[in-house]
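To keep things clear, I will list the structure first and then write my remarks on it.
Computed from the coordinates by the stated procedures, all read-outs in this text should not be read as laboratory data. What you are looking at is a predicted structure, and each value in this text was computed from that prediction instead of being measured. Methodologically, a virtual Cβ is constructed for each residue, glycine included, from the backbone with ideal geometry; neighbour enumeration extends over all protein chains shown.
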There are 2 protein chains.
Amino acid sequence: MPTPLRYTSAQVLDTSRQVYLLDCGEGTQVRMQNFQVRMHAIRQIFITHLHGDHFFGLPGLLTSWALAGRQKPVDIFSPPGLEEIIDTTFRLASSHELPFPLNFHVFDPDQRVVIFEDDTFIVSTLPLLHRVPTAGFLFEEKPRPKNIIADQIAAYQIPFEDIPGIKAGADWQAPDGKTIPNEALTLPPEPLKKFAYCTDTAYSESLASWIQGVDVLYHEATFLEQEWARAAETGHSTVRQAAAIALAAGAKKLIIGHYSSRYRDLWAFLAEGREIFPRLELGYDGMQVHF
Amino acid sequence: MPTPLRYTSAQVLDTSRQVYLLDCGEGTQVRMQNFQVRMHAIRQIFITHLHGDHFFGLPGLLTSWALAGRQKPVDIFSPPGLEEIIDTTFRLASSHELPFPLNFHVFDPDQRVVIFEDDTFIVSTLPLLHRVPTAGFLFEEKPRPKNIIADQIAAYQIPFEDIPGIKAGADWQAPDGKTIPNEALTLPPEPLKKFAYCTDTAYSESLASWIQGVDVLYHEATFLEQEWARAAETGHSTVRQAAAIALAAGAKKLIIGHYSSRYRDLWAFLAEGREIFPRLELGYDGMQVHF
């Protein structure tokens, strides 16, 4: 249930080149305005499961894009059923066709599969344990070209057309026949980053193995430990369970959220979770995490 | 399009005995929390038309009521199509049945008909001129019993069982055969009040005739006069047109709203509208009107 300070689920992953939307609970479009998200740059939307707090904001967002004259396509990745909901809604409720292509990509949330790939990321599903079919998402950066050392390129007078090969890892053959090893010409690229978005789910041991070494793990923590029975019953996690997953996965950072609306004060979440995993942070509406 | 200060359409009419919801745009449930509306007391929901800014908040509100364990029925009055949208959404998206009865009452928005009646109000439709079938709503208070003058009842020693007849307007026959006229025993009830909710609509002369003497008229004013052509084209009104309706209807008060998101500063609406109808007020999120 939303409260004025804690709306339902939505996150964006912004690489400065692309903006990806993960879940889209009611009010997401207004929250994106509140927090100055570049909402018109979004191209792909990933929906974890068909509970309303994860997608009821979608019809409104699509409508606002239509009113703004959007023409760029929108791709929606979700478990089965969402297309029928959105199609029924727009067929009965709207006087116009959407002015942009809307493409649905259905995945089976019980399988570990790659569902999307672009220049930056490979996105795959993480089967979760919830009351309805649900998948988290793993964003893995793809290998990038090496970084050229400009001074060395100049010193050897390497011609422009040889640069792509060097960036890809090739040594360079000088006109005098001498071989310049790639390591002398390039710096290794930044380490490839991983981000995992895992909500809603009960404690799942497999999950930790699938997200080994993740840089940032977002994991739901609906309840405090005292409510562990209710967590199990409703397909949710306690904060200690979220922390245990982060620990087992060797995560660099854990962000928690999806707190039950029964909790106003969240500091107990911090205390309980950090006993197990100190690099835990409380997620909150409008939080920005740089990594 | 919603903005952080101006969410999409929703109003409540609160009589202290009942709370009625008129339209339910995205985010209505959070706005009701923001403004401390007694949302759990709502029994009837009236939807003007099937554009998203008037009903996309409905699935979320129904879900929150379900999570709160609501058992009281909900009655939704709307043009055709809404039931299929809501049914499709809950069939595909929810793991549970709603724990309360949800009754749909479909009306033809092109007809002037009574759609609801309870102890307090008769509610009828007001056919409007929009791009899709749309009706406003007229709430008319029903005649109430007269108010007893307690001192007079005591002075004449009128027995308890005669009170209902006197409240209904009867004279009283004293044991000595003398007739006490009703006017000596009662005060007239407060005048019956009328409220009209009219959105979305182009200028409609018929409307003014249907709401003669209305106490409070809410009428949309999407545009300033400068945009009159765009108003006509999109099935909306300028503020001058809204004011002209209020004047022709002899309204006691006009509240305007549904401003296009292109306008940030609304004072021009006040100036343009009050030239025609001085008892105009700017509607805003969270406004309370007592009457």
Query raised in the report: Expressed as an acute angle from 0 to 90° and rounded to the nearest 10, what is the orientation of the C-alpha long axis of helix B:239-249 relative to the principal long axis of chain B?
Result: 20
Query raised in the report: Among A:23, B:119, A:176, B:75, what is the fewest-to-most ranking by other Cβ atoms within 10 Å?
Result: A:176, B:119, B:75, A:23
Requested in this report: Please give the net charge around residue A:49, taking every other residue with its beta carbon less than 11 angstrom from that of residue A:49, where Lys and Arg add +1 and Asp and Glu add -1.
Outcome: -2
Report summary line: Connecting every pair of Cα atoms under 10 Å apart in chain B and solving the GNM, the largest mean-square fluctuation among B:145, B:80, B:101 falls on B:145
Report summary line: A correct fewest-to-most ranking of A:124, A:9 by other Cβ atoms within 10 Å would be A:124, A:9
Requested in this report: Counting only DSSP beta bridges with both residues in chain A, tell me the antiparallel percent, nearest 5.
Outcome: 45
**Report entry** Where labels lie 7 Å past Cα in the beta-carbon direction, separation of residue B:261 and residue A:111 in nm
**Finding:** 3.7
Query - Quotient of C-alpha Rg and 2.2 N^0.38 Å, computed over segment B:147-187 - result: 0.99
Report task. Taking the convex hull of the Cα atoms, report for segment B:141-291 its projected area averaged over all directions, in nm². Result -> 12.0
Query - Sites matching trypsin sites (Lys or Arg not before Pro) across segment A:31-108 that sit in DSSP coil, with at most 12 neighbouring C-beta atoms within 10 Å - result: A:38
Query raised in the report: Can you give the three extents of the C-alpha atoms in segment B:71-112 along their principal axes, from longest to shortest, in whole Å?
Result: 38, 23, 6
Query raised in the report: Can you give the angle from 0 to 90° between the axis of helix A:58-67 and the longest principal axis of chain A, with both taken from C-alpha atoms, to the nearest 10?
Result: 60
Report summary line: With residue A:24 itself left out, Lys, Arg at +1 and Asp, Glu at -1 over residues whose Cβ is under 12 Å from its Cβ give -3
Query - Shape box of chain A [Cα atoms, principal axes, largest first, Å] - result: 74, 54, 34
Query raised in the report: Seen from all sides and averaged, what is the projected area of the convex hull of the Cα atoms in the protein assembly as shown, in nm²?
Result: 36.0
Requested in this report: State the three equivalent ellipsoid semi-axes of segment B:1-106, derived from the C-alpha gyration tensor as the square roots of 5 times its eigenvalues, in descending order and whole Å.
Outcome: 19, 17, 14
Report summary line: On the formula 1/(1 + (r/R0)^6), with r taken between the Cβ atoms of residue B:209 and residue B:268 and R0 of 45 Å, the FRET efficiency rounded to 0.05 is 0.95
Query raised in the report: If we count other beta carbons within 10 Å of each Cβ, what is the order of A:156, A:203, fewest first?
Result: A:156, A:203
**Report entry** Global form of segment A:76-180, assessed from the alpha-carbon gyration tensor, a/c cut-off 1.5
**Finding:** prolate
**Report entry** DSSP bridge orientation in segment B:191-283 - percent antiparallel, rounded to nearest 5
**Finding:** 0
